[in-house]
1. First select every other residue whose beta carbon is under 13 angstrom from the beta carbon of I45; then total the charges, Lys and Arg +1, Asp and Glu -1.
2. Count charges around L113 for me, please; just the other residues with Cβ under 12 Å from its Cβ, Lys/Arg as +1, Asp/Glu as -1.
Amino acid sequence: MPVLSPTSSQTWTDERIELLKQHFEAGLSCREIAADIGVSRNAVIGKLSRLNLTRGRTIDERKVQDRGSAPSRTSRTVPRLQYEMLVTIYGETGAPMAAGPIDDANRCSLLELAEKRCRWPISTPGADDFCFCGNSAPDGQSYCAGHSRLAYRPNSARVMRG
């Protein structure tokens with residue numbers, strides 16, 4: 001921060017502070033006060049704050065009003081694409097989750113993965129037996145139906161845990 005020399009002018013002289021208070025009492029905006037005094041709008045806002053000059057409500061009134069007007073939290077909805085995918089996998093959303101083994105006959109390496117193959121990783125990356133599921137994945141999805149059951153939970157399952 002530069003040090004002001006005795007010859008340089010101060011930003012907030014007693015005269016400017018008096019003008020600031022007069023303009024503030026008159027109801028001028030911070031922009032109008034700044035233009036008249038010859039300082040930036042942010043300087044006016046900062047000085048008003050340091051002088052504890054506020055308009056309208058007191059701090060206590062703001063806290064009470066802000067608490068009362070806070071919007072109630074709405075439950076998160078499942079995005080449309082995920083909803084459509086869940087309907088594809090489970091049929092109707094009220095239907096129970098299908099359980100069953102996931103076929104492991106189509107496992108493949110990263111180089112063998114194609115657009116419509118399941119990308120579910122099997123084992124730990126870097127391990128000798130690391131591979132991907134490789135089963136056929138429905139159009140536009142990353143996983144087969146079995147791994148989609150694991151990756152995407154229907155909304156009702158989330159509510160039961162809550």
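No value in this document is a laboratory result; all are computed from the given coordinates. Note that the coordinates shown come from a computational prediction; the quantities given were computed from them, not determined experimentally. Don't worry about glycine lacking a Cβ; one is built from the backbone with ideal geometry, like all the others, and counts go over all protein chains shown.
1. Working: positive: R31, R41, K47, R50, R55; negative: E32.
Residues close to I45 contribute a combined charge of +4.
2. Values: positive: R107, K116, R117, R119; negative: E112, E115.
Computed value for this residue: +2.
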